[in-house]
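Here's the structure we're looking at; comments come further down.
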Amino acid sequence: MQQQQPRHRAPQDKQPIVFCDFDGTITLSDNIVAIMKHFDPPGWNGIVQDIISGAKSIRQGVGELFALLPSSRKQEVEDYVLQSAGIRPGFADLLALCKRKNIPFYVTSGGIDFFLRPLLAPYDIEESHIYCNSADFSKPHIEIVWPHPCDDECRNDCGMCKTRVIRRFPKERYYRMLIGDSVTDFEGAKLADLVFARSHLATRCKELGLPHYEYDTFFDVIEVLEEIIEGATPT
Ligand code: MG
Ligand code: ZN
């Protein structure tokens, strides 16, 4: 892991808090892209490119992607994700560290509950600490439902608005850290005190000059995090 020096420190009067992406962060690859590659409905690739380039908002693009799949394939899609998704090494260790140090850990995901919740089930994460989207299989095609959309302060049409979740924890009181990998993390990263980044998010952090560390596994995150929170006093 490439380290920038000197390392950051969480101020003693702030509560460290972690917001962690799911697809391509907790899991090794992006499950939405994996689903599309596997089931290969016509037109999916162009939509993914439009999301990455910003030509389509995440909410619009992800909604369009799932609308390509018939609801009748729900079980197949779910089975495929559960058997193909791998969890990034060190995830359970990171959760244990956060618990030990009283650092609130939130999953902030642009993914969908029907594959996210079963994958997270083996881990000890409070239900109220998981933010993601949902899906309606009652119509001919899968319809994504957005329980946590952008508010007046975010114009990004996120779908699951990470900035809205992060803004609930004011920067005056919290040392906000975000772990992520790609487009769904771009807006949240701008609000964070510190970003753990890989892939597209690392590139974006460099472009914008955001304070960040690059990681490959969660063991990399743990190594830096332990130093950052040294001396921080959880409330
Ligand atoms: Mg991601
Ligand atoms: Zn938003």
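Every read-out reported here was derived from the displayed coordinates using simple, explicitly stated rules and does not represent laboratory data. Predicted model only: the values in this text are computed from it and were never measured. No Cβ is skipped: glycine too gets one built from the backbone with ideal geometry, and neighbour counts run over all protein chains shown.
Mean residue ellipticity at 222 nm from the helices of the chain, using -39,500 (n - 2.57) per DSSP H segment of n ≥ 4 over the full residue count, to the nearest 500 deg cm²/dmol? Here the helix-only value at 222 nm equals -11000 deg cm²/dmol.
For the pair Ala55 and Ala96, label points projected 7 Å from Cα toward Cβ lie 4.7 nm apart. Sorting the segments 131-139, 82-90 by their mean number of nearby beta carbons within 10 angstrom, highest to lowest, gives 131-139, 82-90. Converting phi to 3J(HN,Hα) with the Karplus coefficients 6.51, -1.76 and 1.60 and the offset θ = phi - 60°, region 15-22 yields 8, x, 9, 10, 10, 10, 5, 9 Hz in sequence order, with x at every glycine or proline. If the limit is 24 Å between Cα atoms, which of Lys14/Lys99; Lys14/Lys190; Lys37/Lys162; Lys99/Lys171; Lys14/Lys162 go over it? Those over the limit are Lys37/Lys162.
Under 5 Å from the amide H of Ile142 lie the amide H atoms of Leu69, Ser71, each residue being 5 or more positions distant or on a separate chain, with H modelled from the backbone and absent for Pro and chain starts. Debye calculation, C-alpha points only, no solvent: report log10 I(q)/I(0) for the chain at q = 0.15, 0.16 Å⁻¹, in the same order as the q values. So the normalised log intensities are -1.01, -1.14.
Unpaired cysteine residues in the chain (no second Cys Cβ under 4.7 Å): Cys20, Cys98, Cys132, Cys205. Relative to one another, the C-alpha centroids of region 40-94 and region 171-203 are positioned 21 Å apart. Given H placed 1.01 Å from N in the peptide plane, which residues other than close sequence neighbours of Arg88 have an amide H under 5 Å from its amide H? Result for Arg88 returns Thr27, Leu28.
Both the radius of gyration and Dmax for region 91-195 are 14.6, 47 Å, in that order, over alpha-carbon atoms.
Work through the residues other than Glu153 whose Cβ is under 10 Å from its Cβ and net out their charges, Lys, Arg +1 and Asp, Glu -1. In short, +1.
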